[in-house]
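To start, the structure itself, in structure tokens.
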Amino acid sequence: MKFDAKYKPELAASDDQTRPHLANVYLDAKNKRLVGTNGHVLVSVPVQSDGGEVSADHPDDTSGFVSKEALKAARESGDGIVRANSHLYTSDDRSFPRPDGDGCTFPPYAKVIPEKEDSDIVIGVSAKYLVEIAKALGYGSAKSKNMGLKLRIKPSDLLGPITVTVATEDDDGAVAIIMPMRI
């Protein structure tokens, strides 16, 4: 499989080694997706055939877990290619054991990805500015471990300012505004 190196689905995978089925990225070979989730966020990115010859020595990729280390090595090799069979191989001949998830299965990720509908309302915001707002509202401080953000959008003004507040019990009235992007 070949993936675009700008994508890092492993950043959405869990760091909790007691949840081995979420601690690695999953290759869905049938649907050509790499998926990472920690149970709170999910990232699914497309993959392509790597264009290599399929043979007894190089069988086609199979669905299963892919380690964060193998993805990092594929980026370092410069081409984003990982052969995923009983082991994981990069195009520069590095080999990695294929994680087995300790017998656990990957969650049925496709069920939580909503289908696109014509009636969907799509509003874009700058990821950079949203991260800056999170930091300005205290994310990264000692109290921010479980901090969330609430985004309030007025249905009558979808292209107007979006109000961002802290989603914690000790809401003290701090507020930020982000303007939607024209997409």
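Out of the range 141-164, which residues are within 21 Å of the chain's Cα centre (by Cα) and assigned to a loop (DSSP other than H, G, I, E, B)? The answer is Lys145, Asn146, Met147, Gly148. Would you confirm whether any residue within the range 96-114 is out of contact with any Leu (no Cβ under 8 Å at 6 or more places or on another chain) and part of a strand (DSSP E or B)? No. Screening the range 2-27 for residues that are in contact with a helix residue (DSSP H, G or I) (Cβ under 8 Å, 6 or more places away or on another chain) and part of a strand (DSSP E or B) and picking the one that is farthest from Gly64 (Cα to Cα) gives Phe3.
Filter the range 135-166 down to residues that are among the hydrophobic types (A, V, I, L, M, F, W, C) and modelled with pLDDT of 90 or more, then give me how many there are.
Looking only at the range 135-166, we keep the residues that are among the hydrophobic types (A, V, I, L, M, F, W, C), and these are 136-137, 142, 147, 149, 151, 153, 158-159, 162, 164, 166.
Those still in the list that are modelled with pLDDT of 90 or more too: 136, 151, 153, 162, 164.
Selection size over the range 135-166: 5.
Can you find a residue in the range 168-175 that is within 24 Å of His40 (Cβ to Cβ), surrounded by 11 or more Cβ atoms within 10 Å (Cβ to Cβ) and either out of contact with any strand residue (DSSP E or B) (no Cβ under 7 Å at 6 or more places or on another chain) or assigned by TED's automatic domain parsing to the domain that holds His40 (or both)? Taking every residue of the range 168-175 in turn, at least one turns out to be within 24 Å of His40 (Cβ to Cβ), surrounded by 11 or more Cβ atoms within 10 Å (Cβ to Cβ) and either out of contact with any strand residue (DSSP E or B) (no Cβ under 7 Å at 6 or more places or on another chain) or assigned by TED's automatic domain parsing to the domain that holds His40 (or both). Among (1) within 17 Å of Asp4 (Cα to Cα); (2) without any contact (Cβ under 8 Å) to a residue 60 or more places away in the chain; (3) among the aliphatic types (A, V, I, L, M), there is one condition Leu71 misses while meeting the rest; what is its number? So Leu71 meets the others, but not (2).
Every listed requirement among (1) more than 15 Å from the chain's Cα centre (by Cα); (2) modelled with pLDDT of 90 or more is met by Lys8 save one, (1).
Would you check which residues across the range 122-140 are of a type in the set (A, V, I, L, M, F, W, C) and assigned to a helix (DSSP H, G or I) and list them? Ala127, Leu130, Val131, Ile133, Ala134, Ala136, listed by residue number.
From the list Ser141, Ser156, the one residue that fits, being loosely packed, with under 12 Cβ neighbours inside 10 Å and closer than 30 Å to Thr18 by Cα, is Ser141. On the basis of being basic (Lys, Arg), within 18 Å of Asp60 (Cα to Cα) and assigned by TED's automatic domain parsing to the domain that holds Arg98, does Arg19 make the cut? Here the answer is no, as Arg19 does not meet what is asked.
The values are calculated or read from the model by the stated rules, or taken from the named source; none is laboratory data. Fair warning: this is a prediction, and the values are worked out from it, not measured in the lab. Methodologically, a virtual Cβ is constructed for each residue, glycine included, from the backbone with ideal geometry; neighbour enumeration extends over all protein chains shown.
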